[in-house]
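A short worksheet on the structure shown next.
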Amino acid sequence: MEKPEYHIFVCASFRTDGEAKGVCNKKGAVNLLPYIENEISDRGLDAQVTSTGCMKRCDEGPVVVVYPRGVFYGKVESEDIVDEILDAIEDGGIAEDYVIGE
């Protein structure tokens, strides 16, 4: 597999013991994974999505990070917000309304 142009990380709040807890998990971040996968495919984006352990940004969860730019998005709580982020990726921009940590 070749390296994708974009890599989207979704905080799933997994702990070192493998148990999923935390804000991102409780707010349904894991449930967004299939939607993101389908949208990537439908849009023809050269991207990969990965769930992660806790990103330590619980106050701003669910958290999504998009590389290679390393943009952190917070409060990604719905498919509509995911669409805004993916629209921004397609347009070569950033979904400014959800950026955290800057």
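The values are calculated or read from the model by the stated rules, or taken from the named source; none is laboratory data. Just so it is clear, the structure is predicted and the values come from calculations on it, not from any experiment. Glycine gets a Cβ as well: all are built from the backbone with ideal geometry, and neighbour counts include every protein chain shown. With ligands, DNA and RNA removed, areas are computed over all heavy atoms of the protein, side chains included. Shrake-Rupley method; radii C 1.70, N 1.55, O 1.52, S 1.80 Å.
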In degrees, nearest ten, helix 29-43 long axis to first principal axis of the chain (Cα): 10
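Tell me, what % of the accessible area of the chain is carbon and sulfur with a 1.4 angstrom probe? Before the final figure, lay out the partial values.
Values: 2610 of 5840 Å².
Within the chain, the accessible surface is 45 percent carbon and sulfur.
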For the range 14-67, accessible area per residue (1.4 Å probe, heavy atoms of protein chains only), Å²: 56
Lys, Arg +1 and Asp, Glu -1 on Cβ, resulting dipole of the chain about Cα centre, debye, nearest 20: 700
At 1.306 mPa s and 10 °C, Stokes diffusion of the chain via Kirkwood alpha-carbon radius, µm² per second: 118
Cysteines in the chain that, by Cβ-Cβ distance, have no pairing candidate under 4.7 Å: Cys54, Cys58
Lysine pairs in the chain with Cα atoms under 26 Å, if 8 or more residues apart or on separate chains: 7
Among Ala88, Ala12, Ala29: highest mean-square fluctuation, GNM of the chain, C-alpha pairs under 10 Å: Ala88
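Enter the per residue convex hull volume of the range 55-102, computed from alpha-carbon coordinates, in Å³ rounded to the nearest integer.
Numbers: hull volume 3.4 nm³, N = 48.
Enclosed volume per residue, from the Cα hull, is 70 Å³.
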The range 43-102 - percent relative contact order, Cα under 8 Å, separation 6 or more: 27
Extension reserve of the Cys58-Lys3 stretch, reckoned as 0.36 nm per residue once the Cα distance is removed: 16.9 nm
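For the range 16-74, what relative contact order do you get, as a whole percent, if you take Cα pairs closer than 8 Å and at least 6 residues apart? Intermediate results must be reported in sequence, preceding the final value.
Working: 41 pairs, mean separation 20.9, N = 59.
Here the relative contact order equals 35 percent.
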Burial ranking of peptide ranges 38-46, 64-72 (average Cβ count within 10 Å, highest at the top): 64-72, 38-46
